[in-house]
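The values are calculated or read from the model by the stated rules, or taken from the named source; none is laboratory data. Note that this is a predicted model, so its numbers are computed, not measured. Quick reminder, even Gly has a Cβ in these numbers, built from the backbone with ideal geometry, and neighbours come from all protein chains shown. In case anyone asks, the SASA skips ligands and DNA or RNA and just uses the protein heavy atoms, side chains included. Shrake-Rupley method; radii C 1.70, N 1.55, O 1.52, S 1.80 Å.
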Amino acid sequence: MITLERHSLLSREISTADSRAAVVAVLAKLAKQFGFKYFALMSAPAASDSLLEPLIVEANVPRAYLRDFDRLRLLTACPLVPLLKNMALPLCWSYEEQYDDGWPLDFPEPFRRLAKTYGMTTGVAMPFSSSDGSMFVMRLDGDRPVLTLPQLNEVGMLMLQCFRVFDRVRRTEPPPKSILTARELEVLKWTSQGKTSSEIGDILSLSDHTVNAYLNKAIKKLDCVNRTQLVAKAIRLRLIT
């Protein structure tokens, strides 16, 4: 498909998306049209974040990849994180290429091994700010050559359009019954029943680190200081029974 035709068709589909499911479907199509296999829309990592999985908003990235990424504690060593904070344009990289001449994307060997295992050797990402000031990152990953400059410009325009639609849909969604996510509530419920992080991890097929990350997010959201206070407040607010 020629560039203009592809851009026109994708742009039309993005503009008509009227639900989160529709946005997800368009993101999957966007990835495929540019030779990528996976997409992810995630909250931008903060300095205190050490795990990737709890940041994911929508994605088709394999759960096993996220578990391995967090097991190796790669988020804090990722050279993309500081770069994306200061960028307004999409950034494309390859885990298989060695970057010289001062290029900052020098990935440690664990990144390269994991990316090759899951067929995610090339990626493109772009940061976004939502209408309420929340920061997000949209990215595509797969096994293809690095995008050319014209392709990168096209992807950037389509990503921007897609995020604007997502942000509009997000604002029109009914407010959740709880400020906690379904996974945070699930982990919190097991915590209230006296389960340790390790036991919850076994039940939910999560790592101890991921369970702790969900609990820490819930502690922050409910303005608590520890798990005991978190459980007590959640029961008081009838978030769990």
Residues of the range 207-241 with backbone nitrogen within less than 11 Å of a virtual label 7 Å along the Cα-to-Cβ line of Ile179, please, listed as ranges. 218-224
Principal-axis tilt of helix 227-236 within the chain, Cα atoms, nearest 10 degrees: 80 degrees
Extended-chain gain in nm, criterion 0.36 nm per residue less alpha-carbon gap, Ile203 and Arg20: 63.0 nm
At 1.4 Å probe size, with no ligands or nucleic acids counted, give the accessible surface of Arg20 in Å², nearest ten. 60 Å²
FRET efficiency, Thr172 to Glu109 (Cβ-Cβ, R0 51 Å, nearest 0.05): 0.70
Hand me the GluC sites (Glu not before Pro) from the range 14-100 located in a DSSP loop with no more than 14 other Cβ atoms within 10 Å, in residue order please. Glu96
Return the whole-Å distance between the Cα centroid of the range 214-230 and the Cα centroid of the range 116-194. 24 Å
For the chain: relative contact order, % (alpha-carbon pairs under 8 angstrom, 6 or more apart): 20 percent
Just read off the accessible area of Thr196 with the full protein assembly in place, 1.4 Å probe, to the nearest 10 Å². 70 Å²
Most mobile of Leu180, Leu149, Leu215 in a GNM of the chain (Cα contacts under 10 Å): Leu149
Expressed as a whole percentage, what fraction of the accessible surface of the chain belongs to carbon and sulfur atoms when a 1.4 Å probe is rolled over the protein heavy atoms? 54 percent
Quick check: with the 1.4 Å probe, what order do Ile56, Ile219, Ile235, Ile200 take by accessible area, largest first? Ile235, Ile56, Ile219, Ile200
Rounded to the nearest 10 Å², the 1.4 Å probe accessible area of Val81 is 30 Å²
So which residue, out of Ser198, Ser11, Ser48, gets the largest mean-square fluctuation from a GNM of the chain using Cα contacts under 10 Å as springs? Ser48
Options [x] 41, 39, 31; [y] 44, 41, 36; [z] 57, 42, 29 for Cα extents along the principal axes in Å; the value derived from the coordinates is listed as [z]
